[in-house]
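Trainee: Quick one: structure below, then a few questions.
The values are calculated or read from the model by the stated rules, or taken from the named source; none is laboratory data. These numbers come from a predicted model, not from an experiment. Heads up, the Cβs are rebuilt from the backbone with ideal geometry, glycines too, and the neighbour counts pull from every protein chain shown.
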Amino acid sequence: MPTLSERSFESIAKMFIGDEGELSCYLSDPQIVAFSNNNFGFQDIYQGGNAPTR
């Protein structure tokens with residue numbers, strides 16, 4: 001199975017959350033957590049301020 005380099009993964013992530021390019025509108029930290037929960041089966045809770053900076 002092919003793998004992504006760390007650089008490629010970071011670039012895709014930045015485009016997905018709206019920090020780079022025009023693929024998506026900017027997503028706040030709570031929106032990113034909600035998207036992951038709704039689409040990938042996670043059950044994370046955003047607790048404000050605990051996420052690393054972008």
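Trainee: Go through segment 25-54 and give me each residue that's of a type in the set (Gly, Ala, Ser) and either surrounded by 13 or more Cβ atoms within 10 Å (Cβ to Cβ) or in contact with a Lys or Arg (Cβ under 9 Å, 6 or more places away or on another chain) (or both).
Mentor: Ala34, Ser36
Trainee: Scan (1) surrounded by 14 or more Cβ atoms within 10 Å (Cβ to Cβ); (2) part of a loop (DSSP other than H, G, I, E, B) for the single condition Lys14 breaks and write down its number.
Mentor: If we test Lys14 against (1) surrounded by 14 or more Cβ atoms within 10 Å (Cβ to Cβ); (2) part of a loop (DSSP other than H, G, I, E, B), just (2) comes out false.
Trainee: Now for a different question. Between residues in segment 1-29 that are farther than 26 Å from Ile45 by Cα and residues that are surrounded by 10 or more Cβ atoms within 10 Å (Cβ to Cβ), which pairs lie under 8 Å by C-beta distance while being six or more apart or on different chains?
Mentor: Qualifying pairs under 8 Å: Leu4/Ile12; Gly21/Lys14; Gly21/Met15.
Trainee: Oh, and also: Output the qualifying pairs, or none if there are none: Cβ atoms under 6 angstrom, residues six or more apart or on different chains, first residue in segment 40-54 and modelled with pLDDT of 90 or more, second residue surrounded by 10 or more Cβ atoms within 10 Å (Cβ to Cβ) and among the small types (Gly, Ala, Ser).
Mentor: Listed by first residue and then by second, the contacts come to Phe42/Ser36.
Trainee: When you scan segment 17-30, do you find a residue that is outside any loop (DSSP other than H, G, I, E, B) and at pLDDT 80 or above, even just one?
Mentor: yes
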